[in-house]
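The values are calculated or read from the model by the stated rules, or taken from the named source; none is laboratory data. Being a predicted model, the structure only gives us computed values, none of them experimental. Ideal geometry is used to build each Cβ from the backbone, glycine not excepted, and the neighbour counts take in all protein chains shown. Accessible surface is based on the protein model in full, side chains and every heavy atom, while ligands, DNA and RNA are left aside. Shrake-Rupley method; radii C 1.70, N 1.55, O 1.52, S 1.80 Å.
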Amino acid sequence: MTLIENYLTQVSQLLPKEGRDDILAELRQSLEEGVSTTHESGKTKRDAEIEALARLGHPIKVAGRYHPQQYLIGPAIFPAYRYLLGRVLVALLAVHLAVSLFLFPALETTLHMGDVIAHLLAVLCWGAFFITLGFVSVEYTGETLKFFDRWNAQTLQQASTRPLEFGDTAWNVLIDGLFLLWWNNILIFADSTHILPGPIWDDIFWPANVIVGLMFLLHLSLVVRGYWSRWALKTEIVLNLGILGILAPIAMADTLVIESTASEVPRRILINVIYGAVAAIALWSLWDIRKALIPLMRPL
Amino acid sequence: MPPDEHLDKMRLELRRGVVIIAVLLQLRTEHYGYALRQALEAHGLDIDEGTLYPLIRRLETQGLLTSEWREEDRRNKRFYVISAEGRSHLKQLLTEFDSLFATIDTLRNGRTR
């Protein structure tokens, strides 16, 4: 009975303390009877043992079934967990970017991309950990969430028929935030001290800050609320028109870059890259305006 | 997930509730674990021991079964039997089961209840 003894030893290590001896005695009795019945039908004792143990199953699986709960977060509260986790992570991302935007200029320091990403990842991991821990506590204490019960169908009045793509909106929050950090010289992608920008950039510095800042707040509010309201659609259109309004003078400017040293990117290539980026952002804005207009044009 | 795995999962979900009713029905007469599994198998319900034993233990914790250790054929065995509370639960579960069965039957035959 060596196999059975080894099996029971493995199971016993994984069983809940309460009732452990009782469970082991019952399993032992059942296995012995199973072995005895199979052995009597003509199989060797060892084969009979292997058969009986296989019928019972893997020690981890069997022992696990004696525990009261087999999951950390159950299906009743999992949708709320997933919803909250996504939104908290995006909110943390926004806070992280905002802190970078306002705190680091005060410290008169600049950030490098690798440092920002490493610190951001650490913040997101801690956020996910605490949210998960909170929900696991709710699950294990047997509390129920009133989150879904409080929902009122009347809130649909403020909503629109445009579905909110959570990933896209979260991505927009990230892009808006990174742009603001870069635009304000807090985040540096590459050494650009050799480039002397034309006067047009000074003219659009604050308008771009205001418009992209408002976009950042709009996208963040969408992530938190979880749906596009008609008001949000209108704001999206206005802000995208504002972006087109900023891009127009760049496209028409006589002098985009005054100077670019020969060791770095040639001036002509740099100007073409800027024109390409302007065209891409303009197309993107037009696409966003179209997406916001379609649901607005449907009758209420 | 391949189609067979989908089917296996559905079958498992379908059986989960039925197994509890079957166990409670069978334990209207006293059985120990191994004999219970054999009795259920004889009725066409094959359930592995690794699932059955934790289940009957959970039902006992919930007060639906009672148990006692007793010697039989020179072996100590734990005998289970349905409790009064278990009978009451069983009655309600059977009513629910009959209702579901009747619904499925009318759906299958295209009738309305």
| query | How would you rank A:13-25, B:20-32, highest first, on the average number of other Cβ atoms within 10 Å across their residues? | reply | B:20-32, A:13-25
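What 222 nm value per residue comes from the helices of chain B, counting each DSSP H run with n ≥ 4 as -39,500 (n - 2.57) and dividing by all residues, nearest 500 deg cm²/dmol?
Values: 4 runs with 72 residues, N = 113.
Theoretical 222 nm ellipticity from helices: -21500 deg cm²/dmol.
What is the magnitude of the charge dipole of chain A about its Cα centre, with +1 placed on the Cβ of each Lys and Arg, -1 on the Cβ of each Asp and Glu, and no other charges, expressed in debye to the nearest 20?
920 debye
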| query | Interface A/B, total buried accessible area with a 1.4 Å probe, nearest 100 Å²? | reply | 1700 Å²
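With a length cut of 27 Å (Cα positions projected on each helix's long axis) and a Kyte-Doolittle mean of at least 0.0, go through chain A and give me the DSSP H helices that pass.
On the way: long enough: A:20-40 (30 Å, -0.87); A:78-106 (41 Å, 1.57); A:113-141 (42 Å, 1.50); A:200-225 (37 Å, 1.38); A:230-252 (34 Å, 1.27); A:267-297 (45 Å, 1.13).
Sorted by number, the helices that extend far enough and score high enough are A:78-106, A:113-141, A:200-225, A:230-252, A:267-297.
Taking only protein heavy atoms into account and a 1.4 Å probe, give the accessible area per residue of chain B in Å². Can you show the working numbers first?
Numbers: 7350 Å² over 113 residues.
I get 65 Å² per residue for chain B.
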| said: If you take every residue apart from A:Gln158 with its C-beta less than 11 Å away from the C-beta of A:Gln158, what net charge results, scoring Lys and Arg +1 and Asp and Glu -1? | reply: +2
| region A:2-65 - accessible surface per residue (Å², probe 1.4 Å) | 53 Å²
| query | So for chain A, taking the charge dipole from beta-carbon charges (+1 Lys/Arg, -1 Asp/Glu), which of A:Met252, A:Gln154, A:Asn185 sits furthest toward the positive end? | reply | A:Gln154
| Residues of region A:13-45 with accessible area at least 50 Å² lower in the all-protein-chain context than alone (1.4 Å probe)? | A:Asp22, A:Glu26, A:Gln29, A:Ser30, A:Glu33
| query | What relative contact order, as a whole-number percentage, does chain B give when Cα pairs under 8 Å and 6 or more residues apart are counted? | reply | 24 percent
| remark: Of the residues A:Leu15, A:Ser285, B:Ile47, the Cα lying farthest along the dipole of the protein assembly as shown towards its positive end, which is defined by charges on the beta carbon of Lys, Arg, Asp and Glu, belongs to B:Ile47
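Tell me the carbon and sulfur percent of the accessible area for chain A, rounded to whole percent, probe radius 1.4 Å. Please report the intermediate quantities before stating the final value.
Values: 11720 of 17840 Å².
It is 66 percent, rounded to a whole number.
Pull out the extension gain between A:Lys146 and A:Leu121, defined as 0.36 nm times the separation in residues minus the alpha carbon to alpha carbon distance; nm, one decimal.
Details: separation 25, 0.36 × 25 = 9.00 nm, distance 3.10 nm.
Full extension of this stretch gives 5.9 nm more.
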| said: Below 8 Å, C-alpha to C-alpha, sequence gap of six or more: please give me the relative contact order for chain A in percent. | reply: 17 percent
| note | A correct Karplus calculation of ³J(HN,Hα) over region A:64-70, with 6.51 cos²θ - 1.76 cosθ + 1.60, θ = phi - 60°, whole Hz and x for Gly and Pro, returns x, 5, 7, 7, x, 10, 9
| query | Which lysines, on any chain, are close to B:Lys9 with Cα under 20 Å apart, when same-chain ones fewer than 8 places away are left out? | reply | A:Lys61
